[in-house]
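Okay, structure first, notes after.
The values are calculated or read from the model by the stated rules, or taken from the named source; none is laboratory data. Please read these numbers as outputs of a predicted model, since none were measured by experiment. Note that each Cβ is placed from the backbone with ideal geometry, even for glycine, and that neighbours are counted across all protein chains shown. When the accessible area is computed, the model is the full protein with side chains, heavy atoms only, and any ligands, DNA or RNA have been set aside. Shrake-Rupley method; radii C 1.70, N 1.55, O 1.52, S 1.80 Å.
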Protein chains: 4
Amino acid sequence: MQQPRVSVIGASGYSGMELVRLLLGHYAVRLVAAGSDKWAGRAVEGSEDSVGGAIAYVPHTEAAAADADVFMLATPAEVSHELVPQLLARGARVVDLSGAYRLKNAATHVAAYGFEHKHASLLAEAVYGLPELDRTGQAKARLVANPGCYATAIQLALAPLVSAHAGPRIEVARGLFDWQRFVVDAMSGVTGAGRKATEDFSFAEVANDMRAYRVLRHQHTPEIEQGLMAASATLRDVRVTFVPHLLPIKRGILATCHAQLGDGATADDVARAFASAYKGERFIELAKSADDVALKDVVGTNKCRIGWSVGAQGEVVVVSAIDNLVKGAAGQAVQNVNLMFGLPEQAGVARLRSFHP
Amino acid sequence: MQQPRVSVIGASGYSGMELVRLLLGHYAVRLVAAGSDKWAGRAVEGSEDSVGGAIAYVPHTEAAAADADVFMLATPAEVSHELVPQLLARGARVVDLSGAYRLKNAATHVAAYGFEHKHASLLAEAVYGLPELDRTGQAKARLVANPGCYATAIQLALAPLVSAHAGPRIEVARGLFDWQRFVVDAMSGVTGAGRKATEDFSFAEVANDMRAYRVLRHQHTPEIEQGLMAASATLRDVRVTFVPHLLPIKRGILATCHAQLGDGATADDVARAFASAYKGERFIELAKSADDVALKDVVGTNKCRIGWSVGAQGEVVVVSAIDNLVKGAAGQAVQNVNLMFGLPEQAGVARLRSFHP
Amino acid sequence: MQQPRVSVIGASGYSGMELVRLLLGHYAVRLVAAGSDKWAGRAVEGSEDSVGGAIAYVPHTEAAAADADVFMLATPAEVSHELVPQLLARGARVVDLSGAYRLKNAATHVAAYGFEHKHASLLAEAVYGLPELDRTGQAKARLVANPGCYATAIQLALAPLVSAHAGPRIEVARGLFDWQRFVVDAMSGVTGAGRKATEDFSFAEVANDMRAYRVLRHQHTPEIEQGLMAASATLRDVRVTFVPHLLPIKRGILATCHAQLGDGATADDVARAFASAYKGERFIELAKSADDVALKDVVGTNKCRIGWSVGAQGEVVVVSAIDNLVKGAAGQAVQNVNLMFGLPEQAGVARLRSFHP
Amino acid sequence: MQQPRVSVIGASGYSGMELVRLLLGHYAVRLVAAGSDKWAGRAVEGSEDSVGGAIAYVPHTEAAAADADVFMLATPAEVSHELVPQLLARGARVVDLSGAYRLKNAATHVAAYGFEHKHASLLAEAVYGLPELDRTGQAKARLVANPGCYATAIQLALAPLVSAHAGPRIEVARGLFDWQRFVVDAMSGVTGAGRKATEDFSFAEVANDMRAYRVLRHQHTPEIEQGLMAASATLRDVRVTFVPHLLPIKRGILATCHAQLGDGATADDVARAFASAYKGERFIELAKSADDVALKDVVGTNKCRIGWSVGAQGEVVVVSAIDNLVKGAAGQAVQNVNLMFGLPEQAGVARLRSFHP
């Protein structure tokens, strides 16, 4: 097969930078364009050694007009919202890293993102690309909505618990949990907010500090709830109380998730749920306990590391960790492109090294 | 009244250092001894300008033998456990910053601290010194157990919610909450673990990292539950699911606490509970919402800043922040000494400056 | 004497914030206005307990019109340049924390600050306020130019070496050094650059990074050279090769300064020079060696800590450390106000606590 | 050619960890043993995908007895000192990352490392492996002494300036500099000190702090002087005043180096010296000026980035930056192994990604 030609739009944001770097190290795709108005004209570092050969950044419009098989959009949701239908209309395929096409319900979308969605049929068509939960749709998808960073960490932590069906990947005992409501406190490094030229994100304000933000109103909340209901055959009212926090570090998300065992369920059931759900998953690392999950285990890699502990009262704490720019953005997008074009899913992301020490 | 003479034991740990600094800046107490085997012989910086005059660090045993009105112990729990009865036997009063005398139940103590408690009558006698929840006992106390850092932040965040009695300080509507179980994820800077000469606490391992630890088995959990039941007139089975996290910063605790409104209760009830509980409290700062609480607001000060948000499903998120070494240790200990000796409660801690920027 | 009434202009910058906090804790001055367009209307935290009583921030123009004995300007150099003559014309006295009135030579000023100086006679009149080097002029000064942060750390490190006269404060052997050229590499935390809403100063760009900047062209270079020549009775061509670096921390300057012993001079001469120059200086701490100076010793305090080491080839390394916002800005400005109004020089800054841990 | 079999000894130190990771990603070498007493028995993460296949850590003695073509020693100097002759005696080749075999003069060695050198003939035989300065000896070397981290950054910054000969790689005009003495202030992240379980290297002591250490007595000083004299055809008394500093970051070295132009030399001569010295060097990046070199450009990569600025008085400031664990240790060691075995020099290190953001 010919190597898919990829155009990245939004190449100078943090997710876009990561995406370009991953694609340049990917033996089976050709990066044909990297769009950044800010860096237009500048050489793309490392491209001289890549499959596609040396290229320079081009303006966004030029990257959008490139002769590519797939466009990867690391653009704000508003920009993706406009751009996706135009690219699809030209017969291209798209992986969108923004939140523009993640939610199935247009009304929920408005509430989460603050702008009306004009392309409801594309919301319906878009394949939500979290491969460890569902990798069946990407191969034929025109449009893949790449999950949010928090949404990835939290769904991977909780999906084995909500899943009660006996599908091919996730087999969990019925009735494992007696409520459909989860409490999640998650913490993200500041690159999760993208490049920022504001006082609030200046070093002098962020260093040594920590805070919660968008408490009970983060835009990933409906995405997580939608994903958990999809992971379950039966649950129809999953609710997540989600509190995001800003950490004084550059990369990494740690999500601490709380659930409650159902009557008769045990710690062994939880262990079985995780083992079964993630058997053979290359990018999932199951830890010994909730204490055994640290950001340094995953930052720089495409892994999600997950550990859990069960208390005497049936309380379940699941901690998951990812690199927000890799498994939470660019790395997962590469998995999706691989699935779309029939490449090995791990191509280009399997050998990423941890940033520790 | 004569100025109380204070001896600090454990003066070279982080809490002990903070205590010495606060006492040197306190106009109404005399620091007569600062015990540190490690620094014995070295001058106590700043003591030359203090009420008590220039002193040098002395070995622990010497500080324990000092002619003092009150001994402040910043020693490990095992050391305090032994030392407290000896000091009391000599007729002195004691403020213990360790966990040795905080729990009323000796069996709970063993489970939390890992050693048998030999002085159960002192457990019963000790006054738990969290002044904003109860400042009635210190004046006559021989022994004040100074609260733990996490325990301070979390009790101050949740006590107004559990309290259903109409006591002098806390007036909360009956039935505000429909469960007695709280979920708390809290994060602490590394000084909370004390001075550490271990690889796990080395800069290269901690920087840029984050993790949960002692999940569902932190020794402050029973202290928090005991305190919340004490704050309530009626609740007898308060349970807290507590997950502590290690933050890559030096100082500060942020506690994110989850509760659920009872039938008919509203966000206004929550606001009233906090307003009523903390009216006139100098060291409590009520914020506009759960988003409005940052470590930098409190680090370096004796304040606890508290904000809350209430969701559409009745979920309540309370975020509190303190400096673990001040309000979570040394500053609160100074409040307790002030109460013990009839000094203004805020003396020596009111004017502390924030470390921001 | 009546307490001097102080108005601060530029109260929401980092130096201005620090200045306000110090003045609120100063028993002998009255803060009558704190000017900040950004925070106008907001209460000044802590003012309720201060000598001057509760105040709110006011717009800059209002602070400039206040009925004050002295105006302290924490404004950009261009703003101070305009404002100073207006305030002096009204009969007020001024301490300017900017660089607008520090250089005696107007041509040098243009080169350093990039704007023409319209008030050359005020340049001549301004007293350069580095008390440890010269505290004779402040008492009668209308205008005190408060030194720059780097300039403070570096002059305090090198002045004893250049000084060959036998003045009242600094007595150093003649001919101690055989060149008049010094090499200085200094590093500053990011608050030294003021509040920044730029991508370059965002957390994600600054954390874990370090770089040199304004190499050989920093605006403090002529200030340092001017100061060292003033400290010497005879040297007329002192040159400093100065390379500033940006550190990924919030506060603190460390300056590593290189000199060379003259013929026959010894390490003992260096020690004598420092001992003699700084005898009795409350805010100077002489360390055992150049290794014995750490930012944590001084951050939060008004101290300058200085250590030196002399090599076998006569090379001299002097390391000095200050808090850039205290001894490098607001704390030194308070010393100057104290000197201007006959108050004890250390009032309001003697008891500042270290931020460590 | 058969793939060289490599055994790493000291695999759980930071340099050793980095070395193992690099070797696992190297397509043309086989990692046959990774020696770590601490981790013995544990699987080597990532080895399952490597050329050599899955392996587990083994005790040091076992790694030293492995059937390998080359042993890479990431052990303390004392350990390497003993081990190298034993390994050579068995007919193996060795790359030693410690300082044990770097200095040619045994007396200088004792002064720098504090222990007598028993194998002077091996000191003489060892090839100093800084490929960009000399890559002629590695192909036939039995023993390569891998340079120190500071020594790498500083020699690469200054060698073009001292070199006055017209050798194959470095051509610089005669008489470019009028002294042979350089002043260098360099700063290193804490991994440069190796794994530390001491209070001094604990997070609470290092974070937000900075200091100079081993001022004028760092063990890399003679290595740098020896290397610069070797790089020059004629200079016989190069002296470097070297002050290392500890930075509160994990990785990276920035070296700020000071020199002085000779009579008649110009900034253009400096530019020519660097351009000529490093033409075609894959791992050297020449920047626009001394301001244009940041740690984030190089951390995670095998690059050395170098920029310089020349002042009006002929002062020259050269700033260089490397990752202390890659170009300053493991990455350079891989270059040396490649040269020893006739592999492309950049194999295994060319595609390393920056850790920024």
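In deg cm²/dmol and to the nearest 500, what is the mean residue ellipticity at 222 nm of chain B if only DSSP H runs of at least 4 residues count, each as -39500 (n - 2.57), divided by the residue total?
Mean residue ellipticity, 222 nm, calculated: -7500 deg cm²/dmol.
Round to the nearest 0.05 the FRET efficiency obtained for D:Ala106 and B:Ala54 when R0 = 30 Å and r is the Cβ-Cβ distance.
For R0 = 30 Å, the calculated efficiency reads 0.05.
Copy-to-copy spacing for B:Gly91, label 7 Å out on the Cα-to-C-beta vector, in nm, shortest first?
6.5, 8.6, 10.1
What residues qualify as long-range amide H neighbours of B:Asn302, i.e. H under 5 Å apart, gap of 5 or more or another chain, H built at 1.01 Å from N?
B:Leu352
I'd like the distance separating the alpha-carbon centroids of the range D:212-232 and the range A:236-280, in whole Å.
Computed from Cα coordinates, the inter-centre distance equals 53 Å.
Determine, at each q value in 0.09 (inverse angstroms), the log₁₀ of I(q)/I(0) that the Debye formula gives when each Cα of chain B is one equal point scatterer.
Calculated log10 I(q)/I(0) at the listed q: -0.47.
So who's got an amide H within less than 5 Å of the one on C:Ser202, skipping anything under 5 residues away but keeping other chains? H placed 1.01 Å off N, in plane.
A:Phe203
Based on C-alpha coordinates, I'd like the Rg and Dmax of the range C:293-348, in Å.
Final numbers for Rg and Dmax: 14.7, 48 Å.
Each residue of the range B:225-230 in turn: what ³J(HN,Hα) in whole Hz from Karplus with 6.51, -1.76, 1.60 and θ = phi - 60°, glycine and Pro shown as x?
Once θ is set to phi - 60°, the couplings for the range B:225-230 become 5, 4, x, 6, 5, 5 Hz.
At a cut-off of 40 Å², which residues of the range D:196-215 become less accessible once all protein chains are present than in their chain alone, using a 1.4 Å probe?
Output list: D:Ala197, D:Glu199, D:Phe203, D:Ala204, D:Glu205, D:Asn208, D:Asp209, D:Met210, D:Arg211, D:Ala212, D:Val215.
Distances longer than 53 Å among the Cα atoms of the protein assembly as shown: what percent of all pairs is that?
Values: 297854 of 1018878 pairs.
Roughly 29 percent, rounded to a whole number.
Say a label goes 7 Å from Cα toward Cβ at B:Asp37 in every copy; what distances in nm does this one have to the rest, shortest first?
B:Asp37 label point versus its equivalents elsewhere: 2.7, 6.2, 6.7 nm.
Which chain B residue sits with its beta carbon nearest the axis carrying B onto D, and how many Å away is it, rounded to a whole number?
B:Phe203, 2
Taking R0 as 60 Å, what's the FRET efficiency between D:Asp263 and B:Lys288 from their Cβ-Cβ distance, rounded to 0.05?
On the way: r = 68 Å, r/R0 = 1.14.
Given R0 = 60 Å and the Cβ-Cβ separation, E is 0.30.
What are the distances, in nm and sorted shortest first, from the label point of B:Ala275 to the label points of the same position in each other copy, with each label point placed 7 Å from Cα along the Cα-to-Cβ direction?
Its label point is 5.6, 6.7, 7.4 nm from the equivalent points in the other copies.
Apply the Karplus parameterisation 6.51 cos²θ - 1.76 cosθ + 1.60, with θ equal to phi minus 60°, to every residue of the range B:136-146 and state each ³J(HN,Hα) to the nearest whole Hz, in sequence, with x for glycine and proline.
3J(HN,Hα) across the range B:136-146, in whole Hz: 7, x, 5, 4, 9, 5, 7, 10, 10, 8, 7.
Ordering B:Thr191, A:Thr108 from largest to smallest accessible area (1.4 angstrom probe), what's the sequence?
Working: B:Thr191 5, A:Thr108 50 Å².
Largest to smallest exposure gives the sequence A:Thr108, B:Thr191.
Just to check I understand the Karplus step: with θ = phi - 60° and J = 6.51 cos²θ - 1.76 cosθ + 1.60, what whole-Hz values come out for the range B:65-80, glycine and proline as x?
Ordered by residue, 3J(HN,Hα) equals 9, 5, 7, 10, 7, 9, 9, 10, 9, 10, 10, x, 3, 4, 5, 4 Hz.
Show me you know the interface measure: the accessible area buried between B and D, both chains summed, probe 1.4 Å, in Å² to the nearest 100.
Roughly 1600 Å².
On alpha carbon coordinates alone, what is the Rg over Rh value for the range B:76-171, Rh being the Kirkwood radius?
On the Cα set of the range B:76-171, Rg over Rh gives 0.99.
Taking the Cβ-Cβ separation of D:Gln313 and A:Asp200 as r and a Förster radius of 51 Å, what is the calculated FRET efficiency to the nearest 0.05?
My answer for the efficiency is 0.75.
Within 10 Å of each Cβ of A:247-260, how many other protein chain Cβ atoms are there on average?
Taking all residues of A:247-260 together, the mean is 5.
Distance from a point 7 Å along Cα→Cβ of B:Thr61 to each backbone N in the range B:1-39: keep the residues under 16 Å and list them by number.
B:10, B:35-39
Please return the longest stretch of chain C lacking exposed loop sites, where chymotrypsin sites (Phe, Trp or Tyr not before Pro) count only if DSSP places them in a loop and at most 14 other Cβ atoms lie within 10 Å.
Free of exposed loop sites, the longest segment is C:180-357.
With every protein chain left in place, what is the accessible area of D:Glu225 in Å² (1.4 Å probe, nearest 10)?
About 30 Å², rounded to the nearest 10.
Amide H of A:Ala34 versus every other amide H placed in the peptide plane: which residues, excluding those fewer than 5 positions away on the same chain, fall under 5 Å?
A:Val8, A:Val58
Could you tell me the largest-minus-smallest coordinate of the C-alpha atoms of the range A:180-231 on each of the three principal axes, in descending order and whole angstroms?
41, 19, 15
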